[in-house]
Every structure is written in structure tokens, then in C-alpha cells.
Amino acid sequence: FTMKFKGRIAVFKFSPFKSTEAEMLMSIADGVKAKYSISDGNEQVVVDFEEEGEHELTLLRISSCAVPLYVKEVLLYGESVELLKAEKKYNLKMEFLGDSITCGYGIDEESPYGSFSTSTENFSKTYAYLVANSLNADYSAISYSGYGVYTGFSTSKRNSDYTIFKEYKKPKIFSNRVLGFKFCTVLLSQYLYEYKYSVTALSLLKDLIIL
């Protein structure tokens, strides 16, 4: 979500939700990044540019998508407030699908022995984010922790109940557009290799076909 406006302060309000893990957000205010932890949706994200003027603001979800997080309201404050038309043009459109690795699982964890937490995920440091920005692409990223392409998280055998395409729904941002380019990240669970499932390339490709 990116917008341009005249003013000084932007306030984001959210719809309440229930989750055992906090949802992590990042604001990019005229190029300056800041992280926020949203535990139940009753918090607010306040971005103060400290000076009146024209500003560009991006609000980015950087943790996995187990629980929907909805922006209910955006309030702008300043001596002279005006929402400006975003004039940025993109070269193409991309979609990224994957598990917690896709949104940067553990990338902000300082200890190699840390356990899973959405607070250590950071999509802004992942290959998907870097690729999209390098190609000047309008993108959408969907990540479900523990959900793989061929198998979900498992300690012994294939777990077909936790596969990404059973959870994935086409993002509304692209619902009324003809995609010029579609890119799905195909990340197989490490357990596929560790337990050496007897899978031929042909049968695996059949499982991956979604269109």
C-alpha cells in the first residue's frame, strides 16, 4: 500500500483480529523504514514526517498471512492536507506464493537457536521483495508458515493438507486486472528432500499445475 499526500502525519487504524502471533508491519516514509508490531488490531500506526510538505508513504506487511489484517481507516493531519495522485508506473505485475521462508522467516533473529516467531520475519529483506523492486514491479506476496507446494510441514511423510494452493486466493489488488506477468515462487519443504519421497518429476509437476 503506497500513497502520496500533502501534510505531516498519517495514522492507520485496523480491524480487530485474534492471533497467537503478532502481525508485523513496516512503514517506508520518504525512504525511512520503521517496524511495528500489531497484536490484536486495536493498535494504531502513527507516521510523523515532522515537517509539512509532500510525502510518499508505504505500509508493508512483512510477516506471514495466517490471519488477515485489514486497514480500517487512514487519517491525515497537517496545516493543509491533500491526498495526491500516485504517478508511479510499473513495468509488470508479479505474484509471490510461498511459506514462511518467502516472507523472511528468522531473517531478523539474532540467535541461531531462536524458535519461530513472526517478529523475526521481514519480507523487506527477502529475494521476492528485492526482485520486485529491482524490476519495478507491482507485486503481491502471500506467505503461509508451514505450507509448502508439494507438502506442508511434516516430520515423517507427505502432508498434503497443508499445501499453499489450498489456502491461496487471488489477491483483490489483481482481481480486476489482466496480469502481464505472473511469477509463483515454488518452494518445496526441506522435508521433501530429507525423507526422500518417491516422487517422479512428472507426478510432481501435475501436483503443481493450478491453471
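The values are calculated or read from the model by the stated rules, or taken from the named source; none is laboratory data. What you see is a predicted model, and the numbers here were worked out from it, not measured in a lab. Please note: Cβ atoms are built from the backbone with ideal geometry, for glycine as well, and neighbour counts cover all protein chains shown. The protein model used for the area step is the full one, side chains on, heavy atoms only, and it has no ligands, DNA or RNA in it. Shrake-Rupley method; radii C 1.70, N 1.55, O 1.52, S 1.80 Å.
Roughly how many Å is it from the Cα centre of region 79-129 to that of region 30-76, as a whole number?
13 Å
Run the 1.4 Å probe and let me know the accessible area of GLU109, rounded to the nearest 10 Å².
Around 70 Å² of this residue is reachable by solvent.
Between beta-carbons, use under 10 Å as the cut-off and find the net charge around THR120, counting Lys and Arg +1, Asp and Glu -1. List each step's numbers first, then the result.
Values: positive: none; negative: ASP108, GLU109, GLU110, GLU121.
Net charge around THR120: -4.
Determine the order of GLU110, GLU121, GLU87, GLU73 by accessible area, beginning with the largest, at a probe radius of 1.4 Å.
The ranking, largest first, comes out as GLU110, GLU87, GLU73, GLU121.
Relative to the present Cα-Cα distance, how much length would full extension add between LYS35 and VAL81 at 0.36 nm per residue of separation?
Values: separation 46, 0.36 × 46 = 16.56 nm, distance 2.49 nm.
Once the chain is fully extended between LYS35 and VAL81, it gains 14.1 nm.
Roughly speaking, what is the stretch gain from THR58 to VAL71, that is 0.36 nm per residue apart minus the C-alpha to C-alpha distance, in nm to one decimal?
Difference between extended and current length: 3.4 nm.
If you take the square roots of the eigenvalues of the alpha-carbon gyration tensor of region 1-103 and sort them as a ≥ b ≥ c, do you get rounded (a/c under 1.5), prolate (a/b over b/c) or oblate?
Verdict is oblate for region 1-103.
With a 1.4 Å probe and all protein chains kept in place, how do TYR77, TYR113 rank by accessible area, largest first? Working shown, then result.
Values: TYR77 110, TYR113 200 Å².
Sorted descending by solvent-accessible area, the residues read TYR113, TYR77.
Determine how large the accessible area of ARG61 is when every protein chain is in place; take a 1.4 Å probe and give Å² rounded to the nearest 10.
Its heavy atoms expose roughly 60 Å² to the probe.
Could you sort ASP30, ASP138 by accessible area so the largest value comes first, with the probe set to 1.4 Å? Don't skip to the end; give the middle numbers.
On the way: ASP30 80, ASP138 25 Å².
Result of the area sort, largest leading: ASP30, ASP138.
Calculated FRET efficiency, GLU51 and LYS89, Cβ-Cβ r, R0 35 Å, to nearest 0.05?
With a Förster radius of 35 Å, E is 0.80.
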